Amino acid sequence: MKKLGSQTIKFENPPSIIGTGTIVGPKEGQGRFKEYYDLILKDSIYQEKSWEKAETKILKEAVEMAIKNSKVPTDKIEYLIAGDLLNQIVSAGFAARELGLPFLGIYGACSTIAQGALLGSMIVDGGFAENLVAAVSSHFCTAERQFRFPLELGNQRKPTSQWTVTGAGAMVISSQIQNPRITFATVGKVIDMGEADPNDMGTAMAPAAVDTILRHFQDTGKTPDDYDLILTGDLGSIGKDIAEELLKQKGYDISNKYSDCGVLIFYPEQDVHAGASGCACAAVVTCGYIYKEMLNGKYNRVLLVATGALMSTTSTQQGETIPCIAHAISIENL
């Protein structure tokens, strides 16, 4: 590893993504990327007694799928790095209980897949493991119950609100040399511009995404022209427009190659208002669509900038504003 600038790491021996696993709910399975997922659930409770148990189950199974698809024996997987949105990351912890893998639980809200991938890449490139898994999950029903209102109340959602993706995504990161590979990682800073509405996270998170993208370009010397696709995590339509405009003001026009997972994952007619969100939003797009299209050669250089709102039910009830984070990884075919 080599440090570039103040926040970016260049991997001297870029770790490879050698297998992924994706599971999504029925609504997500009707969206744009239905052909790229490994499993689409018929219902959101997945034969469990609660939505929370269902989320644990899909995270566990996504990890197992990724390991199977990587063709690495399970006993050769040295660490599981995972997180979710629920208090004390219980979905990840309970899934790890079943999987029996050495576990590093992390929380970066909806940025967690990029955080896990960059930490995993540091471990592999540093020579501390040959194979590990980075994984995340989220669930619309569990997130609504925790952060907003129980679904039974039937509360009307604001036009600025986003739909938490029901799903789980996992990737096996390895020292094996094959494409695609993780070449750079830019660790984000916590940015808080004073937004306090938990039903408008796109506006809150956009400045964090912009800060990390700018830092990535400044640290690496790269420009938007160096990437086939620049993809933010879950800013949704509102946050995406804000991020694009803020970057233009800083001298970077990325409009011809920029998109957002929260905008892409659902069709407009699916009525999710401002778009998608949740840990699984960036994860299932990256581990499904992006990974498979990089194998097919459609993309050779992708900058993933996953975004997260670091709020909690407690902070919201206390009138706190929403601190946000964005982590970036470069995924390339070398």
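Just by accessible area at a 1.4 angstrom probe, what is the order of Glu35, Glu195 from largest to smallest?
Numbers: Glu35 160, Glu195 65 Å².
I get Glu35, Glu195, largest accessible area first.
For Lys250, list the lysines whose Cα falls under 21 Å from its own Cα; do not include residues on the same chain fewer than 8 positions away.
Reachable lysines: Lys189, Lys222, Lys240.
How large is the helix-only mean residue ellipticity at 222 nm for the chain, computed as the sum of -39500 (n - 2.57) over DSSP H runs with n ≥ 4, divided by its residue count, in deg cm²/dmol to the nearest 500?
Result for the chain: -9500 deg cm²/dmol, rounded to the nearest 500.
Over the chain, what is the mean sequence separation of C-alpha contacts under 8 Å (at least six apart), divided by residue count, expressed as relative contact order in percent?
Over the chain, the number comes to 25 percent.
Over all directions, average the projected area of the Cα convex hull of region 181-332 and note it in nm².
Seen from a random direction, the Cα hull of region 181-332 projects 8.9 nm² on average.
Putting +1 on Lys and Arg Cβ atoms and -1 on Asp and Glu Cβ atoms, find which of Gly19, Ala114, Ile77 reaches farthest to the positive end of the dipole of region 1-142.
Ala114
If I take R0 = 41 Å and measure r between the Cβ atoms of Gln270 and Gln249 in this structure, what FRET efficiency does the formula 1/(1 + (r/R0)^6) give, to the nearest 0.05?
0.80
Assign unit charges at the C-beta atoms only (+1 for Lys and Arg, -1 for Asp and Glu), then state the dipole size of the chain relative to its Cα centre in Debye, rounded to the nearest 20.
Computed about the Cα centre, the dipole is about 460 debye.
Could you tell me the largest-minus-smallest coordinate of the C-alpha atoms of the chain on each of the three principal axes, in descending order and whole angstroms?
Here the Cα extents, ordered largest to smallest, are 52, 48, 36 Å.
Any idea of Leu39's accessible area? Nearest 10 Å², probe 1.4 Å.
Surface accessible to solvent at Leu39 totals approximately 50 Å².
For region 24-120, what is the convex hull volume of its Cα atoms per residue in Å³?
Details: hull volume 11.1 nm³, N = 97.
Given the Cα convex hull of region 24-120, per-residue volume reads 114 Å³.
What share of the DSSP beta bridges in region 64-222 is antiparallel, in percent to the nearest 5?
Around 50 percent of the beta bridges assigned by DSSP in region 64-222 are antiparallel ones.
Let me know the charge dipole size of region 13-174 about its Cα centre in debye, to the nearest 20, where only the beta-carbon of Lys, Arg (+1) and Asp, Glu (-1) is charged.
440
Along the charge dipole of region 240-334, Cβ charges K/R +1 and D/E -1, which of Cys261, Ala306, Met294 sits furthest on the positive end?
Farthest towards the positive pole: Met294.
Heavy atoms only, probe 1.4 Å: what % of the accessible area of region 238-334 goes to carbon and sulfur, would you let me know?
For region 238-334, the apolar C and S fraction of the accessible surface comes to 45 percent.
Compute for region 181-221: radius of gyration divided by Kirkwood radius, i.e. Rg/Rh, restricted to C-alpha atoms, rounded to two decimals. Mind showing how you got there, number by number?
On the way: Rg = 12.5 Å, Rh = 11.5 Å.
Using Cα coordinates only, the ratio equals 1.09.
Return the FRET efficiency for the residue pair Lys2, Val190: r is the Cβ-Cβ distance, R0 is 25 Å, and the value is rounded to the nearest 0.05.
About 0.50, to the nearest 0.05.
The values are calculated or read from the model by the stated rules, or taken from the named source; none is laboratory data. No experiment lies behind these values; they were computed from the predicted model shown. All Cβ positions, even for glycine, are placed from backbone atoms using ideal geometry, and neighbour counts span all protein chains on display. Protein only, heavy atoms only, side chains kept; ligands, DNA and RNA dropped before computing areas. Shrake-Rupley method; radii C 1.70, N 1.55, O 1.52, S 1.80 Å.
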